[in-house]
Structures are given as C-alpha cells and as structure tokens.
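Asker: What follows is a single structure, and I will ask about it in a moment.
The values are calculated or read from the model by the stated rules, or taken from the named source; none is laboratory data. Remember, predicted model here, so these are calculated numbers, not experimental data. Cβ coordinates were reconstructed from backbone atoms using ideal geometry, including for glycine residues, and neighbour counts include every protein chain displayed. These area figures cover heavy atoms from the full protein model, side chains too; ligands, DNA and RNA do not enter into them. Shrake-Rupley method; radii C 1.70, N 1.55, O 1.52, S 1.80 Å.
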Amino acid sequence: MADRESQVGPVSRRAVLGAAGAGLVVGGAVGAFGGYSASDAAEAGDDLTVPFRGDRQAGIVTAAQDRLHFASFDVITDSRDDLIDMLKRWTTAAERMTRGQETVDDGALGLGDYTPPADTGEALGLSPAHLTLTIGFGPGLFGPSLADPNRRDRFGIASRKPAALADLPAFAAEKIEPSRSYGDICIQACADDPQVAVHAIRNLARMGVGVVSVRWSQLGFGRTSATTRNQDTPRNMFGFKDGTANIRAEDTGTLDEHVWVAASDNPPAAQWMTGGTYLVARRIRMDIEPWDRANLLEQENIIGRTKGEGAPLGQTGEFDDPDFQITSGGAPLIPKTSHVRLAHPDQNNGVQILRRGYNFTDGSDGFGHLDAGLFFIAFNRDSFKQFVPMQHQLSRKDAMTEYLIPNASALFAVPPGLKDGEWWGQHLFT
Ligand code: HEM
C-alpha cells in the first residue's frame, strides 16, 4: 500500500518540464503536457502514475495537476445492489485508468465489430499524465437534500451520515443555479493532460448508465493552488498568484488538524469517514471586464498582496508573513476589506482550509462577456466549522465580492483511501 509520501510525489510538472529543458523529454511534453504519449514517457523514463490506493485518496495532497474534469452525479436507481455493483466496477476501471490503461483490457478495439467498445478510446497511447480520481458522496445519497427535498433513504444508510455532511447554507451575494449544484456522488479527475481527465469521467459516466446520470460537470485549467512545497505558485484569472498561503502536503500536522477527519469527530456509525475529508466545490464566476478596468492599486488593495511578486502589502517577498498592523496615512496598509486579511487564520479563529481549485473559461455569455472564473475546490475536516464561517465573512465584507458571482455550490464527503482489494464506498455500504 502506498504511503502518504508516495501520493505526494508524482514527478512534478516542473520536474518534467525541467527534464524537457535538459533534452530528456520529446514531443508534446515541451511547453504543453497535453498529448504527451505513453511512448514519449517511456522513452524519457517518466513514471507519470500517482498511486490509486493509500491511506488517503489521491487528488487531495497530490501535487496539483494542471487540468480538471469534475463531475457530479445523481443516483437514479433505488437498488442498493446495483449501486454497489457500479461502485465496484468504477473502482476497477478507475485504478486501471490512473495507470494509463483502458477501462478493460483491449476495451476500445478488442470486443469485435458488433459490440460497442468498452473503452471510448480517446486516451489510447496517452500517458497516465498523473491522473487522480477522487470520489465523494453528497448529502442526497442519504435522504432529503436541496437537490431533492422529498428523497427517502433509498439505500438504508441514513444512520451512517456524518453530521458534517449537509447542504451548504445560502451566502450573501451568490446566485446558485441548482442545475449545476449539489449531487449524490462526485468524481474529481485531475491530470496534466485534459484528454486523460475527460476520458476518465466520460468512461465512468458511460459505465454508470442506469445507475447514475451526470447532474453537472466542470472543466478547469491552470491549477489555482500549490499543494506541495516544490510547486510554483500559479495565477488565477484576476492575474494574481493563488495558493501562496495554502496548506502543503508536507504540513502533516496542519493537515491532521484542519483537513483529515479524526475518529473522535464521528459516532461509530460514521467511522467510515475517519481519515477522509470534506470537499467544497463552488463555481465562482468573475466579472472579468469590470476587473480589467480597475487600476493596479485598486486590484492590489482588494487582494491585499502585490500583483507581481504576490507579497503581502508592505512586504517584499511572496512568502513573507502579512503584517496587519502596518498603517499608511492612519489606515491599515492591508485594507480591512482585503481578501487576504479576511481569509487569514487570524481573522477566522485560527481555521485553515486546503485549497485546490482551477481556473475556468466556458466561452462567453451571449453578451460578449467571458464566462470565466475560479472553480473553487477546498478540502477541510468540517466545512461547517471552517469553510462556512470563512465564506460568510468573505461574502459580507470582502471587497472582491463586487467582482464575483458564485453560481454553483456543493459539498461531498470524501472517504479515506483504499487498501488493496477494497472498492469505493465499501465502508459506507458494508
Ligand atoms: C474567485 C474567487 C477567489 C479568488 C480570485 C481568490 C484569490 C486569492 C488570492 C490571490 C489569495 C492570495 C494568495 C494565497 O495565499 O493563495 C487568496 C488567499 C486565500 N483565499 Fe482566496 N480567492 C477566492 C475565493 C476564496 C474563497 C471562496 C475562499 C474561502 C471561503 C478563499 C480562501 C482563501 C484563503 C484561506 C487564503 C489564504 C489567506 C492567508 O492565510 O493569507 N478564497 N485568495
């Protein structure tokens, strides 16, 4: 079984690109990971596989990959047996795909001329590209939820629902669209090649026909976080470095305190979540055009950091600690309405969250405005003690709110990782 360190450390993209610079990587890996083939990887000696099994699910503290395909499913059957059967089949296929294999051996071409292929084929020849597949269970799987207030306990698991798994409340200044919110099961597919991530979600959806249907899905690019110490800090669609003060895989004590569910968090019936975490997903559209008309000083005051280096205002280095006491002309240099100040642990009873979101641009909105923003993903030990109070504070006071429209929202319970032979959801259903 893989330990936590081995989940942390797939060959980082930077390392791959560094190798490219050293002339070790050929073809599509240079500059753009997409299309980096299995044979290119083999030639370069790259093992682009993140272990599927381990104490934790991969895709949480794993070095954030560049691309995302996130899907939320409604369970459309009332049959517990059918659901369990699909989860078992999903587990096998998911593990295979994270190794760069087809969903079944020779599934794309080998089943004969008169059978629909068991693998859709678009990842044939591509490397695993650090694919991780992370599963989560939404409140609607256990009974009534915002998605369906009349839902009953179809699978006899209501008593196993942890208290921390409930619908997120409404927040100020959001316009939640139910058709792209909520869901019974989520799969987060992250990879350094978008085609690999899309292939994984597409094939799981295809295998789930009759048991689940896709409720909504979201593509993302340009990770907006750094989750390990050796990753550079990327930039979000506002052009600012994002992820500087994030929790990193190496911060094991902080992860235990703020991210991983402890045995003491739940009664015996919900112990299946021990070692797991909760995933918050929020599609936050950005008002790109008004933001682009804001001057640099205003942008920096809204964030509370410089745009170039990403340093806290009043400091010079990206990783300098923010000093909220410095004033200029009698007013705090890091404004009271700035995002960094309001999201900082000092302003949130010491609470922290692990951010792992992605940029998105879904074309334009029919009025000539970019439909772009941040697909915010965060992992935390209890969202109602961490994400929710933080979000309430941000949505009421954060100057950035003027430029944001959160329009999708969901919460999922993400169980711990799988031991050899286990399947997704096994400890919830057995
Ligand atoms: C489109 C929406 C958002 C944008 C553009 C954004 C951008 C940023 C930026 C640029 C930083 C500073 C660099 C860093 O430390 O990562 C930051 C920090 C942070 N953000 Fe956001 N953010 C957004 C939404 C959120 C939301 C919804 C939350 C949680 C409710 C959140 C929580 C945090 C936290 C905890 C920090 C670190 C604060 C610190 O300890 O210094 N952000 N964000």
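Asker: If we count every other residue with Cβ under 14 angstrom of residue 152's Cβ, Lys/Arg +1 and Asp/Glu -1, where does the sum land?
Answerer: 0
Asker: Quick one: accessible area per residue over region 62-113, 1.4 Å probe, rounded to a whole number of Å²?
Answerer: That works out to 42 Å² for each residue.
Asker: What full-extension length gain, to one decimal in nm, is calculated for residue 427 and residue 318 as 0.36 nm per residue of separation minus the Cα-Cα distance?
Answerer: 35.0 nm
Asker: So if I average 1/r over every pair of distinct C-alpha atoms in the chain and take the inverse, what Kirkwood radius in Å does that give?
Answerer: About 22.3 Å for the chain.
Asker: If you average the C-alpha positions of region 149-176 and of region 202-244 separately, how far apart do those two centres end up, in angstrom?
Answerer: Between the Cα centre of region 149-176 and that of region 202-244, the gap is 23 Å.
Asker: Working out 0.36 nm times the residue gap between residue 152 and residue 294, then minus their Cα-Cα distance, what length gain in nm do you get to one decimal?
Answerer: Gain in length upon complete extension: 46.2 nm.
Asker: So what's the net charge close to residue 201: Lys and Arg +1, Asp and Glu -1, counting the other residues with Cβ under 12 Å from its Cβ?
Answerer: +2
Asker: I would also like to ask the following. How many percent of Cα pairs in region 277-334 exceed 19 Å?
Answerer: The answer is 45 percent, as a whole percent.
Asker: Roughly how big is region 213-335's charge dipole about its Cα centre, with Cβ charges of +1 (Lys, Arg) and -1 (Asp, Glu), in debye to the nearest 20?
Answerer: Using Cβ point charges on Lys, Arg, Asp and Glu, region 213-335 gives about 600 debye.
Asker: Enumerate the lysines that residue 175 could reach by cross-link, defined here as Cα to Cα under 30 Å, with residues fewer than 8 away along the same chain left out.
Answerer: List returned: 161, 241, 307, 336, 385, 397.
Asker: If you average the alpha carbon positions of region 318-384 and of region 246-285, how far apart do those two centres end up, in angstrom?
Answerer: 20
Asker: Which residue, chosen from 143, 239, 375, occupies the Cα position most advanced towards the positive end of the dipole of the chain, where the dipole is computed from +1 (Lys, Arg) and -1 (Asp, Glu) charges on Cβ about the Cα centre?
Answerer: 143
Asker: For region 60-145, report the % of Cα-Cα distances exceeding 17 Å.
Answerer: So the pairs more than 17 Å apart make up 61 percent of the total in region 60-145.
Asker: Size of region 244-304 along its principal axes in angstrom, Cα-based, largest extent first?
Answerer: Computed over region 244-304, the largest-to-smallest principal extents equal 54, 24, 15 Å.
Asker: So what's the net charge close to residue 365: Lys and Arg +1, Asp and Glu -1, counting the other residues with Cβ under 10 Å from its Cβ?
Answerer: Its environment carries a net charge of -1.
Asker: Can I ask one more? Can you tell me the accessible area per residue over region 248-287, all protein chains present, probe 1.4 angstrom, in square angstrom?
Answerer: Result: 32 Å² per residue.
Asker: In terms of the Cα gyration tensor, with a ≥ b ≥ c the square roots of its eigenvalues, is region 102-259 rounded because a/c is under 1.5, prolate because a/b exceeds b/c, or oblate?
Answerer: Since a/c reaches 1.5 but b/c is at least a/b, the shape of region 102-259 is classed as oblate.
Asker: If you place +1 on the Cβ of every Lys and Arg, -1 on the Cβ of every Asp and Glu, and leave all else neutral, what size is the dipole of region 144-289 about its Cα centre, to the nearest 20 Debye?
Answerer: Here the size comes out at about 520 debye.
Asker: Run the numbers for residue 309 and residue 177: contour at 0.36 nm per residue of separation, minus the present Cα-Cα distance, in nm.
Answerer: 43.9 nm
Asker: For region 288-430, what is the accessible area per residue in Å², given a 1.4 Å probe and the full set of protein chains?
Answerer: 44
Asker: Against the longest principal axis of the chain, how steep is helix 80-98, in degrees 0 to 90 to the nearest 10, with axes from Cα atoms?
Answerer: 70
Asker: Then there is this: For the chain, which whole percent of the accessible surface, found with a 1.4 angstrom probe, sits on carbon and sulfur atoms?
Answerer: That share works out to 51 percent.
Asker: Given the -39500 (n - 2.57) contribution per DSSP H run of 4+ residues, what per-residue ellipticity at 222 nm results for the chain, rounded to the nearest 500 deg cm²/dmol?
Answerer: The helix contribution divided over the chain gives -6000 deg cm²/dmol.
Asker: How big is the dipole moment of the chain about its Cα centre under a simple scheme where the beta carbon of each Lys and Arg is +1, that of each Asp and Glu is -1, and everything else is neutral? Debye, nearest 20, please.
Answerer: Charge dipole of the chain: 920 debye, to the nearest 20.
Asker: Related question: So if R0 is 22 Å, what FRET efficiency would residue 209 and residue 78 give, r being the distance between their Cβ atoms, rounded to the nearest 0.05?
Answerer: 0.85
Asker: Report the calculated FRET efficiency for residue 336 and residue 271 (r = Cβ-Cβ distance, R0 = 41 Å), to the nearest 0.05.
Answerer: FRET efficiency, residue 336 to residue 271: 0.45.
Asker: What FRET efficiency comes out for the pair residue 328/residue 369, r = Cβ-Cβ distance, R0 = 51 Å, nearest 0.05?
Answerer: The formula returns an efficiency of 0.90 here.
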